[in-house]
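Report on the structure given below.
The values are calculated or read from the model by the stated rules, or taken from the named source; none is laboratory data. Keep in mind that what you see is a predicted model, and the values were worked out from it rather than measured. Every residue, glycine among them, receives a Cβ derived from its backbone with ideal geometry; neighbour counts consider all protein chains shown. Heads up: the accessible areas ignore ligands, DNA and RNA and are worked out on the full protein's heavy atoms, side chains in. Shrake-Rupley method; radii C 1.70, N 1.55, O 1.52, S 1.80 Å.
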Amino acid sequence: MLVFLVDDDPIQNMINSQLIRLYDDKIKYMIYINGLEVIQGLEEGLLPDIIFLDINMPIMSGFEFLNLYQHYPDAAIVFMLSSSDNEEDRKQANNYRCVEGYVIKPVGKQVLHDILSSVDKKRTQGS
């Protein structure tokens with residue numbers, strides 16, 4: 001499994017990467033600090049299974065990224081990770097077919113493990 005952590009906050013990326021390792025140290029992850037970096041990674045052929053995406057980032061926000069990403073044929077599952085509990089942000093996130101959830105930061109161990117487990121099961125069933 002390949003996970004993209006997309007957040008401009010290095011502490012948040014450190015916490016989430018440690019939580020991923022606690023779940024399964026064989027999971028590969030890549031850290032990006034804005035949506036444009038993710039687009040560049042996708043253009044280089046990297047295809048994640050899941051993307052944890054912040055909303056507010058420099059250069060290209062999470063929503064700006066999703067506007068481009070929704071046209072990718074092999075779109076990964078996206079979970080929005082945000083400090084915003086604004087209902088409008090939730091509604092906007094739900095407008096994208098690839099977004100499966102909206103989680104308020106900081107993400108707890110159990111929440112992250114539940115997400116990874118769910119994606120893992122879908123991958124296993126799809127094989």
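Set side by side, the residues D74, D85, D120, D89 differ, and just one is touching a residue at least 60 places away in the same chain (Cβ under 8 Å) and not hydroxyl-bearing (S, T, Y), which is D120. V38 satisfies every condition listed in (1) open to solvent by 10 Å² or more (accessible area, probe 1.4 Å); (2) touching a residue at least 24 places away in the same chain (Cβ under 8 Å); (3) not in a loop (DSSP other than H, G, I, E, B) except (1). If only residues of region 1-16 that are under 12 Å from the mean Cα position of the chain (by Cα) and of a type in the set (S, T, N, Q) are counted, the one that is farthest from M60 (Cα to Cα) is N16. The lone criterion from (1) within 19 Å of L2 (Cα to Cα); (2) surrounded by 14 or more Cβ atoms within 10 Å (Cβ to Cβ); (3) of a type outside the set (G, A, S); (4) touching a residue at least 40 places away in the same chain (Cβ under 8 Å) left unmet by K109 is number (2). Could you check, for region 66-77, whether at least one of its residues is more than 27 Å from E43 (Cβ to Cβ) and surrounded by fewer than 18 Cβ atoms within 10 Å (Cβ to Cβ)? No, region 66-77 contains no residue that is more than 27 Å from E43 (Cβ to Cβ) and surrounded by fewer than 18 Cβ atoms within 10 Å (Cβ to Cβ). Looking at S118, S61, just one residue is more than 17 Å from L2 (Cα to Cα), open to solvent by 20 Å² or more (accessible area, probe 1.4 Å) and either in contact with a Pro (Cβ under 8 Å, 6 or more places away or on another chain) or not aromatic (F, W, Y) (or both), and that residue is S61. Name the residue that is most open to solvent (accessible area, probe 1.4 Å), counting only residues in region 18-35 that are under 14 Å from the mean Cα position of the chain (by Cα) and farther than 15 Å from F79 by Cβ. Top of the filtered list is K28. I39 meets the conditions (1) among the β-branched types (V, I, T); (2) farther than 19 Å from I11 by Cα; (3) in contact with a strand residue (DSSP E or B) (Cβ under 8 Å, 6 or more places away or on another chain) in every case but one. The failed one is (3).
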